[in-house]
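Enquirer: This structure is in structure tokens; I'll ask about it shortly.
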Amino acid sequence: MDFSTFLIQLLNALQYGLLLFLVASGLTLVFGIMGIINLAHGSFYMMGAYMAFALTALSGNLLVAILVGIALSVLIGFLLEWALFSRLYKRDHLDQVLLTYGLILIFEELRSLLVGDDVHGVPIPELLSASIQLSETLSYPVYRLFMSAVCILLAIVMYWLIRHTRLGMMIRAGSSNREMVQALGINIDLIYRIVFGLGVTLAAFAGMLAAPVSSVYPGMGNQVLIICFVVVVIGGVGSVWGALVAALLIGLADTFGKVIAPDYAGLAVYVLMAAVLLWRPEGIFRRI
Amino acid sequence: MAELVLSARGMSRRFGGLYANRDVSLDMHKGMLHAVLGPNGAGKSTLINLLSGDLPPSAGQILYRGEDISGWSPDKRSRAGIGRSYQRTNIFPAFTVFENCRLAAQSRTPRALRIFSKAVAFPDLRDAADRAIEQAGLAERRDVVAATLSHGEQRQLEIAMVLATAPSVLLLDEPLAGMGPEESQSMVALLKKLTPDHAILLVEHDMDAVFAVADVITVMVTGQVLESGPPDQIRDSVAVQEAYLGEGEPDDE
Amino acid sequence: MPLPRNKTRNYLPLVLLVLALFPVFGSSYYNELIAKIMIMAIFALSLDLLVGFTGLVSFGHAAFFGAAAYSVVLLSPKYDPGNLWLVLPAAVLTGAAVAFVVGLFVLRTKGIYFIMVTLAFAQMIYFVFHDTPLGGGSDGAFLNVKPELRIGEKVLLDLNEPMQFYYIVLAFLVVAYVFLRVLLRSPLGHALAGIRSNEHRMQSLGFPVFLYKLASFVTAGGLAGLAGFLSACQYGFVTPEILSWHQSGNVLLMVILGGMGTLNGAAIGAFAFVVLQEVFSALTKHWQLLMGAVIVTVVMVLPGGLSSLPQRLKGLLIGGGNRNG
Ligand SMILES: Nc1ncnc2c1ncn2[C@@H]1O[C@H](COP(=O)(O)OP(=O)(O)OP(=O)(O)O)[C@@H](O)[C@H]1O
Ligand SMILES: [Mg+2]
């Protein structure tokens, strides 16, 4: 492999890892803080991608689509938390698994009813459609760089949010002791609603961002969901920074796995997980 | 000299920056009841957790009949004869008293492979369970579901379960806490009866009981051993009085 | 959950009788459907051993079912019937062996981790059959001729015969059910119940908890392998779909729908699931939407599963019922 191919693969790995981080951080936050295991998390990713597709078709502009999509995702998140999830905090994980499994089926069929089962592409905005020439024959699309940059930006914003804001403080406190936070007069229900909305929006936004490069297709959410579980298992449940490290590791394993042993590429990620389980069954990091 | 069974050598356990146990050394002999006193948070439960294997030590050694067992899992230690009870009742709430104890007795005789026989069909296990129940004073409540027992009775069950495993070392974490005066008295009598055949470590806040049964007393403060010796020595110790007894009666939970 | 006690289940012989006589009256469509339900019931029973009786919520149970089903196809000759003496034990062993290896990894985790890790490992096995030449890719592979049981020249049992197949499935359902009944009241069964109730105390009482859980996991894997064997024989082909996480989700659904922790519940759940699936898919191509709606409704209003329904109804009718209880 020459240097520019390597560079391209490295950039791809980073971009994939960062995108995974975006989805997985929502999953791990919702679990770490609310104690909810959400199998339907991948469906929000899928929903985001389809919103990007439908709204871009309507408005002709990905940016507008993303803005409207974010608003819709927040709304959907609040609604779901209010109608369903808020009633499950005291139930065991089994009920949560069951409910969110039911939701996956519902979302997947609604998608099929509303948009159909075809694969669709989403055009890359003109502004970002250029490519950077790396060597005579190889170039790298600007949009992928843009994706990575947005993900990094969001990671920084999240760090700041959790470390340095009142909301973040409450979130950190809520993750360790629900009763105590409540006793301090903090509205834990509101925090949960916000966290869940944030989780949904992160996943959906990742879907919107990815739509132009991955195209939108049935089942795309479930694929992402399982990889996100691997991310969370490797990184440690509830740990956002663990999720970042794990997502990048998986990006590397998957991308270079495809280069080295294309036939078994799907397995690389799981082998990585198995190794981590032997080494540290509770993940590399724990907690936020 | 009595037979040395279990001992800790320079044992420490840290939680972050806090030393819950610091350089603790103590010996347990067969036929002796070793009581551990100390104010709340002194590290008594941590000591038991370290000896039983519920927690790994950060430093130091645990010797059982001369062998270093610091790396052993809790179940291996239990099978070797180190039994423990918990300060916070730790039982199988949905099982009856008898089932709790029968299961405890079953741990001694691995019959996992006999999958075609009934668990309740082994007379030796039933006898061991019934004996333990009798000893702990729960005979009348034998077939009651554990969750419906009173708090004091659950404490008794906690003891019955350890006894059903026929241990040679007993690590008891505040067995009397939550028991009524009558049960306390019979438990003290039971401890006296058990002492000759066992090495017992008793963590207890009830001073009268401790001084009534203990052969050796170790006083712990902030994770460290303050003083250790026979009851008279502890009663007269200026250091102990200042650091601990002087504060007035320690509050029972 | 209390320890399993011997309760008189006097309607069981009746159920058995109905199942035994069904083919006399039923059409071939219904025979096939009932056989499918019975296979799924074995599958659900095997998972109930984990979820309901050991407290291990596995979301990857399809891996053992699927791996065993694939082993049937891979071990059968291309144009001749396979030997039942060989193929059946091999399938059960495949399920158990895969469970053993997976168990060594996943049983190091607990709770929510366990759910995610079992799902991920099942997906890994899915990819093994989906991506490598071994399994014939996404199209799957055919079992052209189903296995038969012969002694010398005489064919005793032929799985190609629908009637014979039906009764073989019924026999295996009975075997699996009785096996689990017996297992659950054995010392091992009681130890598993203890682990489900309070794993920590089990360990401090001296039980090697990991080994017990592994034993449960491997047994469940073997039984799932039996179901996988029967399923491969019923349809005559295997696709990666039988290893998919949908399959794992569905069987978990059967166990929970029926009310986990009771063997009858798992069987009822399998029955309810397959019938719902059949009815809904006759109604619409988007039957999963209805299934999803049923699941969400059950979780929200019936936390104890379908088998809690009679009690709830009784409570309602008598009027003393506390609906939130
Ligand atoms: N798992 C843990 N994590 C963090 N700190 C702990 C943990 N267990 C104990 N500690 C701390 O270690 C110190 C000793 O605790 P320990 O429970 O051993 O005290 P104790 O002497 O048994 O007190 P009590 O009389 O209240 O039972 C305490 O300050 C406690 O907060
Ligand atoms: Mg204590």
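Enquirer: Of the options A:Ser4, C:Gly236, A:Leu84, report the single residue whose Cα projects farthest towards the positive end of the charge dipole of the protein assembly as shown (beta-carbon charges: Lys, Arg +1; Asp, Glu -1).
Expert: Selected residue: C:Gly236.
Enquirer: With unit charges on the beta carbon (Lys/Arg positive, Asp/Glu negative), name the residue among C:Thr94, C:Ala35, C:Leu214 whose Cα is farthest towards the positive pole of the charge dipole of the range C:5-243.
Expert: Checked the options; the winner is C:Leu214.
Enquirer: Something else about it: Cross-link candidates for B:Lys118: which lysines have Cα within less than 18 Å, leaving aside residues fewer than 8 places away along the same chain?
Expert: C:Lys7
Enquirer: Okay, next question. In peptide C:192-199, how many Cβ atoms from other protein chains are near each Cβ within 10 Å, on average?
Expert: That works out to 4 on average.
Enquirer: Which value, in debye to the nearest 20, describes the size of the charge dipole of the protein assembly as shown about its Cα centre when Lys and Arg Cβ atoms bear +1, Asp and Glu Cβ atoms bear -1, and nothing else is charged?
Expert: For this selection, approximately 1020 debye.
Enquirer: I would also like to ask the following. Among B:Gly31, B:Ser7, B:Thr46, which residue has its Cα positioned farthest towards the positive end of the charge dipole of the range B:1-56, with +1 placed on the Cβ of Lys and Arg, -1 on the Cβ of Asp and Glu, and the dipole taken about the Cα centre?
Expert: Highest projection toward the positive end goes to B:Thr46.
Enquirer: Something else: On average, how many beta carbons from a partner chain sit within 10 Å of the beta carbon of a residue in A:34-45?
Expert: Average neighbour count from other chains, rounded to a whole number: 1.
Enquirer: A follow-up question, please. By how many nm would the segment from B:Leu4 to B:Ala239 grow when fully extended, if each residue of separation counts as 0.36 nm and the alpha-carbon distance is taken off?
Expert: Using 0.36 nm per residue and subtracting the Cα-Cα distance, I get 81.8 nm.
Enquirer: For peptide A:220-229, how many partner chain Cβ atoms fall within 10 Å of a residue's Cβ, on average?
Expert: So the per-residue partner count for this stretch is 3.
Enquirer: If each residue of separation counts as 0.36 nm, what is the full-extension length gain between A:Leu79 and A:Ile186 once their alpha-carbon separation is subtracted?
Expert: The span from A:Leu79 to A:Ile186 would gain 36.4 nm if fully extended.
Enquirer: May I ask you to derive the FRET efficiency for C:Arg108 and C:Gln164 from their Cβ-Cβ distance with R0 = 60 Å, giving the value to the nearest 0.05?
Expert: The computed FRET efficiency comes out at 0.85.
Enquirer: Here's a follow-up. Once phi is turned into ³J(HN,Hα) by the Karplus curve 6.51 cos²θ - 1.76 cosθ + 1.60 with θ = phi - 60°, what whole-Hz value does each residue of the range A:56-62 show in order, with x for glycine and proline?
Expert: 3J(HN,Hα) across the range A:56-62, in whole Hz: 5, 4, 6, 8, x, 9, 5.
Enquirer: Evaluate 2.2 N^0.38 Å with N set to the residue count of the protein assembly as shown, then give the Cα radius of gyration divided by it.
Expert: For the protein assembly as shown, the normalised Cα radius of gyration comes out at 1.06.
Enquirer: Using the Karplus curve 6.51 cos²θ - 1.76 cosθ + 1.60 with θ = phi - 60°, what ³J(HN,Hα) values do you get for each residue of the range B:197-205, in whole Hz, with x for Gly and Pro?
Expert: Running phi through 6.51 cos²θ - 1.76 cosθ + 1.60 with θ = phi - 60° gives 9, 10, 9, 10, 10, 10, 9, 7, 8 Hz.
Enquirer: For the pairs C:Lys36/C:Lys146; B:Lys76/C:Lys110; B:Lys30/B:Lys193; C:Lys78/C:Lys154, note any where the Cα-Cα span goes beyond 18 Å.
Expert: With Cα atoms farther than 18 Å apart: B:Lys76/C:Lys110; C:Lys78/C:Lys154.
Enquirer: Can you figure out the FRET efficiency of B:Ala80 with C:Thr132, using R₀ = 35 Å and their beta-carbon distance, to the nearest 0.05?
Expert: Once rounded, the FRET efficiency stands at 0.15.
Enquirer: Let's see if you can work this out: charge +1 on each Lys and Arg Cβ, -1 on each Asp and Glu Cβ, no other charges. What is the dipole magnitude of the range B:68-138 about its Cα centre, in debye to the nearest 20?
Expert: Here the range B:68-138 has a charge dipole of around 200 debye.
Enquirer: Modelled label-to-label distance, C:Leu309 and A:Glu136, 7 Å Cα→beta-carbon offset: nm?
Expert: Label-label distance for C:Leu309 and A:Glu136, simple model: 7.3 nm.
Enquirer: Now for a separate question. Report, by chain and number, residues whose modeled amide H sits under 5 Å from the one on B:Glu227, excluding near sequence neighbours (fewer than 5 apart, same chain).
Expert: Those qualifying (amide H under 5 Å, at least 5 residues apart or on another chain) are B:Val219.
Enquirer: Within chain C, which DSSP H helices have Cα atoms that stretch 18 Å or more along the helix axis and a mean Kyte-Doolittle hydropathy of at least 0.5?
Expert: C:12-25, C:28-51, C:62-75, C:84-106, C:111-131, C:162-185, C:209-235, C:245-258, C:263-283, C:287-301
Enquirer: Let me ask another. Just how far, in whole angstrom, is the range B:106-168 from the range C:28-45 if you go by their alpha carbon centroids?
Expert: Cα centres, the range C:28-45 to the range B:106-168: 42 Å.
Enquirer: Under a 1.4 angstrom probe, counting protein chains only, how are C:His246, B:His198 ranked by accessible area, largest first?
Expert: C:His246, B:His198
Enquirer: Sticking with this structure for a sec: Among C:Tyr30, C:Tyr126, C:Tyr166, which one moves the most in a GNM of chain C with springs linking Cα atoms closer than 10 Å?
Expert: C:Tyr30
Enquirer: Counting only helical runs of four or more DSSP H residues, what would the 222 nm mean residue ellipticity of chain C come to if each run contributes -39,500 (n - 2.57) and the total is spread over all its residues?
Expert: -23500 deg cm²/dmol
Enquirer: If you don't mind, another one. Using alpha carbons only, how many degrees (0 to 90, rounded to 10) separate the axis of helix A:3-34 from the longest principal axis of chain A?
Expert: 10 degrees
Enquirer: What is the sum of charges, Lys and Arg at +1 and Asp and Glu at -1, for the other residues whose Cβ falls under 12 Å from the Cβ of B:Trp72?
Expert: -1
Enquirer: Could you list which residues have their amide H under 5 Å from that of B:Ser70, counting only those 5 or more apart in sequence or on another chain, with H placed in the peptide plane?
Expert: Hits under the 5 Å cutoff: B:Ile62.
Enquirer: Just need the relative contact order of chain B here, percent rounded to a whole number, with Cα pairs under 8 Å and 6+ apart.
Expert: 27 percent
Enquirer: What is the set of long-range amide H partners of B:Met32 at a cut-off below 5 Å, with H atoms built 1.01 Å from backbone N?
Expert: B:Ile200
Enquirer: Still on this structure: Find the relative contact order for chain C and round it to a whole percent, using C-alpha pairs within less than 8 Å whose residues are 6+ positions apart.
Expert: 30 percent
Enquirer: When chain C is modelled as a GNM with alpha-carbon springs shorter than 10 Å, which of C:Phe271, C:Phe25, C:Phe59 fluctuates the most?
Expert: Ranking C:Phe271, C:Phe25, C:Phe59 by mean-square fluctuation puts C:Phe25 first.
Enquirer: For n ≥ 4 DSSP H runs only, could you compute -39500 (n - 2.57) per run for chain A, divide by its residues and tell me the 222 nm figure to the nearest 500?
Expert: -25500 deg cm²/dmol
Enquirer: Where Rh is the Kirkwood radius over the Cα pairs of the range B:90-166, the temperature 25 °C and the viscosity 0.890 mPa s, what D in µm²/s does Stokes-Einstein return?
Expert: Diffusion coefficient, whole number: 201 µm²/s.
Enquirer: Evaluate the relative contact order of the range A:23-218 (contact order divided by residue number), counting alpha-carbon pairs under 8 angstrom at least 6 apart; express in whole percent.
Expert: 46 percent
Enquirer: Stokes-Einstein at 37 °C, 0.692 mPa s, Kirkwood radius from Cα pairs: D for the range B:33-97 in µm² s⁻¹?
Expert: It diffuses with D of about 244 µm²/s by this estimate.
Enquirer: Using θ = phi - 60° and the Karplus curve 6.51 cos²θ - 1.76 cosθ + 1.60, what whole-Hz ³J(HN,Hα) does each residue of the range A:161-166 get, with Gly and Pro shown as x?
Expert: My calculation for the range A:161-166 gives 4, 6, 7, 10, 10, 4 Hz in order.
Enquirer: How far, in degrees from 0 to 90, does helix A:93-115 lean away from the longest principal axis of the Cα atoms of chain A, to the nearest 10?
Expert: 50 degrees
The values are calculated or read from the model by the stated rules, or taken from the named source; none is laboratory data. Values in this document were obtained by computation on a predicted structure and should not be read as measured data. All Cβ positions, glycine included, derive from the backbone under ideal geometry; neighbour counts span all protein chains shown. Areas reflect the complete protein model, heavy atoms only, side chains present, ligands, DNA and RNA absent. Shrake-Rupley method; radii C 1.70, N 1.55, O 1.52, S 1.80 Å.
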